[in-house]
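The next block holds one structure in the form of structure tokens; read it before the comments.
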Amino acid sequence: MSKLTVDGKSVEVPQDKRLVLALMDEAKIDQLHACGGNARCTTCRVEFVSGEPERMTQAEIDVLTARGLISTPGLRLSCQIVCDHDMEVKAISRLAGSGRADAGKRPTDEITPPAVWKDK
Ligand code: FES
């Protein structure tokens, strides 16, 4: 188990659970994930307060670079992160107020596309 703190509220999360799923299931927030967790939309973005992972998937690097977001401090894609240590984030991309009809198709349990890990 690791601890996930979202906007100041902490919950316990099963080891290595995808962060996007922990935001939905444990933190119970209306996190957007429009592309279904495939590193294409960036709507699953969060802002790290502490515990930002040192590694990134190649897919996360590619889409954040393409969108000009790679240098934004603390901004990461929750669909490309697993909960393997304590983390604190701000929920900055939620269904409420987005104008979208729904948050997106539920992402699978495993990171997609298959994770190729790189150092940040
Ligand atoms: S990039 Fe679309 S859900 Fe993560």
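Name the single residue, out of those in segment 7-35 being β-branched (V, I, T) and within 16 Å of the ligand (Cβ to nearest atom), that is most open to solvent (accessible area, probe 1.4 Å).
Within segment 7-35, the match that is most open to solvent (accessible area, probe 1.4 Å) is I29.
Testing R76 on (1) at negative phi; (2) touching a residue at least 40 places away in the same chain (Cβ under 8 Å); (3) in contact with a strand residue (DSSP E or B) (Cβ under 8 Å, 6 or more places away or on another chain), one condition comes back false. Which one is that?
(2)
Need pairs with beta-carbon distance below 8 Å; first residue closer than 12 Å to L64 by Cα and more than 6 Å from the ligand (Cβ to nearest atom) and within segment 36-48, second open to solvent by less than 10 Å² (accessible area, probe 1.4 Å) and polar (S, T, N, Q); sequence gap 6+ or separate chains.
Sorted first by the residue in segment 36-48, then by its partner, the pairs are R45/S78.
Any idea which residue in segment 90-107 is most open to solvent (accessible area, probe 1.4 Å), counting only those that are under 13 Å from the mean Cα position of the chain (by Cα) and not charged (D, E, K, R)?
Filtering segment 90-107 for residues that are under 13 Å from the mean Cα position of the chain (by Cα) and not charged (D, E, K, R), the one most open to solvent (accessible area, probe 1.4 Å) comes out as I92.
Just name the residue that is least open to solvent (accessible area, probe 1.4 Å) out of those in segment 36-89 that are of a type in the set (D, E, K, R) and outside any strand (DSSP E or B).
Per the criteria, the residue is E60.
What number of residues within segment 18-51 are more than 11 Å from the chain's Cα centre (by Cα) and of a type in the set (D, E, K, R)?
Selection size over segment 18-51: 5.
What's the number of the condition M87 fails, among (1) on the phi < 0 side of the Ramachandran plot; (2) within 13 Å of the ligand (Cβ to nearest atom); (3) of a type in the set (A, V, I, L, M, F, W, C)?
Here M87 clears every test but (2).
Hey, does segment 97-104 have a residue that's without any contact (Cβ under 8 Å) to a residue 12 or more places away in the chain and within 14 Å of the ligand (Cβ to nearest atom)?
Yes, segment 97-104 has at least one match.
The values are calculated or read from the model by the stated rules, or taken from the named source; none is laboratory data. Not measured: the values here are computed from a predicted model. Don't worry about glycine lacking a Cβ; one is built from the backbone with ideal geometry, like all the others, and counts go over all protein chains shown. Just the protein is used for accessible areas: all its heavy atoms, side chains included, with ligands, DNA and RNA removed. Shrake-Rupley method; radii C 1.70, N 1.55, O 1.52, S 1.80 Å.
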